Amino acid sequence: MTEIKVNLREDNLKEDIYLESIRTSYRKKIWRKFVKAINDFNLIEDGDKIAVGISGGKDSLLLCKLFQELKRDKSKNFEVAFISMNPGFEAMDIEQFKKNLEILNIPCHIFNSDVWEIAFREDPESPCFLCAKMRRGVLYNKVEELGFNKLALGHHFDDIVETALINMFYAGTVKTMVPKVPSTSGKLSIIRPLAYVKEEDIISYTRKNEIKAMGCGCPVESGKTDSKRKEIKLLLKDLEQKNKNIKQSIFNSLKNINLDFVMGYTRGNKND
């Protein structure tokens with residue numbers, strides 16, 4: 001694996017308009033929800049070494065800026081670094097990614113992998129499942145190798161709601177992304193500090209600050225959303241016309257499950 005580093009310009013961090021926007025215009029809708037998730041789920045503890053995974057999309061770029069602001073705030077004693085895996089982006093895409101990092105003043109450790117090449121070679125008709133599994137494995141291993149004990153990912157409120165419905169409708173199970181979960185190896189905790197932050201507010205922040213976030217550069221997914229997730233997004237959009245709080249209700253239900261009124265449940269791999 002080859003590696004690239006984009007360095008931080010300390011002088012510009014003091015006058016960072018992207019951090020200023022978080023402190024002012026988006027203090028209520030983004031910053032406070034970010035801090036609340038951290039406190040509610042104990043996502044950050046003293047002495048933590050946290051790697052923030054960057055895909056180049058709007059969610060992960062915002063997450064980086066939030067962690068920079070939290071570090072300046074000094075309310076938590078932790079170390080943070082920003083890391084990105086290049087699964088096989090075209091040269092033009094990776095150059096745009098690096099340009100975005102420089103504009104946003106995000107220091108980043110970028111490492112290359114051949115995930116896309118392997119996934120397409122092994123399963124050319126349907127590489128997505130293998131690709132996703134490999135990307136997680138390669139990223140988790142790299143983060144562990146670099147000595148971090150937590151990996152922060154940019155999944156937000158809408159991702160959690162949509163994933164719950166995808167699992168119910170297509171997998172016959174009630175489960176979703178959770179704000180804090182151990183990795184398969186048990187050596188790493190995966191945290192999702194954007195759990196309370198709504199996608200519409202992330203989009204608003206990105207547009208207001210004229211951030212040119214990357215779309216998916218994958219040959220399969222470029223220009224379209226995963227079909228099942230897209231179906232769920234459209235369904236929720238339609239339901240919101242009749243009940244504007246539908247997403248919040250679904251989110252709240254995931255924290256309010258009464259085991260006396262379900263037909264069965266599992267914990268880990270064990271049926272209870």
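The values are calculated or read from the model by the stated rules, or taken from the named source; none is laboratory data. What you see is a predicted model; the values in this text were computed from it and never measured. Here Cβ is always computed from backbone atoms with ideal geometry, including for glycine, and neighbour counts include all displayed protein chains. Heavy atoms of the whole protein, side chains included, go into the accessibility calculation; ligands, DNA and RNA do not. Shrake-Rupley method; radii C 1.70, N 1.55, O 1.52, S 1.80 Å.
Total residues in segment 199-216 satisfying the condition of being open to solvent by 60 Å² or more (accessible area, probe 1.4 Å) and under 16 Å from Tyr26 (Cβ atoms): the figure is 4.
To keep it simple, each residue is scored yes or no on (1) touching a helix residue (DSSP H, G or I) at 6+ places or on another chain (Cβ under 6 Å); (2) within 15 Å of Leu194 (Cα to Cα); (3) at pLDDT below 95.
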residue: Asp16; (1), (2), (3): no, no, yes
residue: Ile22; (1), (2), (3): yes, yes, no
residue: Tyr26; (1), (2), (3): yes, yes, no
residue: Trp31; (1), (2), (3): yes, yes, no
residue: Phe34; (1), (2), (3): yes, yes, no
residue: Ile38; (1), (2), (3): no, yes, no
residue: Val52; (1), (2), (3): yes, yes, no
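For segment 100-127, the set of residues classified as under 25 Å from Phe148 (Cβ atoms) and over 23 Å from the mean Cα position of the chain (by Cα) consists of Ile118 only. Within segment 168-177, the set of residues being open to solvent by less than 70 Å² (accessible area, probe 1.4 Å) and either aliphatic (A, V, I, L, M) or under 26 Å from Lys150 (Cβ atoms) (or both) comprises Ala171, Thr176, Met177. Here is a check on your reading of the model: is Ala152 within 30 Å of Ile250 (Cβ to Cβ) and of a type in the set (A, V, I, L, M, F, W, C)? Taking the combined requirement at face value, the residue satisfies it.
Only one entry of Lys180, Lys133, Lys150 meets the criterion of being open to solvent by less than 60 Å² (accessible area, probe 1.4 Å), within 17 Å of the chain's Cα centre (by Cα) and not aliphatic (A, V, I, L, M), and that entry is Lys150.
Reported count of residues in segment 107-130, each being more than 12 Å from Pro87 (Cβ to Cβ), out of contact with any helix residue (DSSP H, G or I) (no Cβ under 7 Å at 6 or more places or on another chain) and open to solvent by 60 Å² or more (accessible area, probe 1.4 Å), is 5.
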